[in-house]
Ligand code: HSE
């Protein structure tokens, strides 16, 4: 028996919601195919050009599958073939797709015995290997789809949000930003005045999603804590944002820990125009890029 699944790329943070908000994209997606083995081991085949490890202990999907074996009682194993389309270090939840995909694939072969919360716990083991810390803002939308709020990870408390009909445009400039590096440069303390602005924006954004209020969503897409530090790592960032908004985008910012940048638009026409602007900005500064 084999199980084939699609694990979508995700945009974490959604600007102001560092580590607590995320959405699932239509593309890019990883394709993963799983087979059950009758001995407790994990065999990994990578079908990509990214040179990812095949040692299960060193592989994001591998550690999740090992944990699933242990949780299932230790007498089964998994063989997995991973066709990776989400580039590692892109800010589009590449490690989360491997981790979440592994948890979901294993669960399907084991007769769906794990709850959603258990799948998220399992997948976070992979995310920890990749980024050094547990966070669920890519994993959760990858598993559930749509837009999700992670109210807490200790204990797991997930709130799927309403998904307004918005279009997401993403540009991936071909530079690599490691999530672990992009986390290390963050300040450990925030000013109360910044915190107040930030939680006003998060509340506004969530209310905007629930009320399908596009203008409120646009106004709330502001980050006074993380973006000022991280955007320094992303050439062209301010220009992409300014020009996209001039073209009618509601707003946007860094996708996850970058370098990808995303913008939300109300219509497909604006979203496509934003894509052209993103591409033009990076061509002007001489950085290869890919627009989704
Ligand atoms: N919330 C995480 C971060 C997402 O911004 O570090 C990483 O993709």
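What follows draws every value from the coordinates through simple rules; no lab data is involved. Remember, it's a predicted structure, so these values are computed and weren't measured experimentally. Positions of Cβ are backbone-derived with ideal geometry, glycine not excepted, and every protein chain shown enters the neighbour counts.
From helices alone, the chain scores -12000 deg cm²/dmol at 222 nm; the rule is -39500 (n - 2.57) for each run of n ≥ 4 DSSP H residues, then divide by the residue total. The label point for residue 283 and the one for residue 37, both projected 7 Å from the Cα toward the Cβ, are 4.8 nm apart. Packing-based ranking of 76-82, 153-159 yields 76-82, 153-159, ordered from highest to lowest mean Cβ neighbour count within 10 Å. Ordering 229, 281 from the fewest to the most neighbouring beta carbons within 10 Å gives 229, 281.
Most mobile of 75, 138, 212 per a Gaussian network model of the chain (Cα springs, under 10 Å)? The residue that fluctuates most here is 75. Once you have a ≥ b ≥ c as the square roots of the Cα gyration tensor eigenvalues for the range 243-292, tell me rounded if a/c is under 1.5, and otherwise prolate or oblate according to whether a/b is larger than b/c. In terms of gyration-tensor shape, oblate. Among 170, 64, sorting on how many other beta-carbon atoms sit within 10 Å of each Cβ, with the fewest leading, yields 170, 64. Averaging the sequence gap over all C-alpha pairs within less than 8 Å and six or more residues apart, then dividing by the number of residues, gives the range 99-209 a relative contact order of 18 percent. Only Cα pairs under 8 Å and 6+ residues apart enter the sum, and on that basis the relative contact order of the chain stands at 21 percent.
Here the relative contact order of the range 1-139, from alpha carbon pairs under 8 Å that lie six or more residues apart, stands at 29 percent. Between the helical axis of 60-71 and the longest alpha-carbon principal axis of the chain there is an angle of about 50 degrees.
Each label was represented as a point 7 Å from its Cα along the Cα-to-Cβ direction; for residue 214 and residue 195 these points are 3.6 nm apart. Between the helical axis of 116-131 and the longest alpha-carbon principal axis of the chain there is an angle of about 80 degrees. To the nearest 10 degrees, how steeply does helix 237-246 sit against the main Cα axis of the chain, on a 0 to 90 scale? That helix lies at roughly 60 degrees to the long axis. Here the chain has an Rg and Dmax of 18.8, 58 Å, counting Cα atoms alone. Of the residues 55, 38, 137, the one that moves most in a GNM of the chain with alpha-carbon contacts below 10 Å is 38. Inter-part distance, the range 124-177 to the range 1-55, computed on C-alpha centroids, equals 13 Å.
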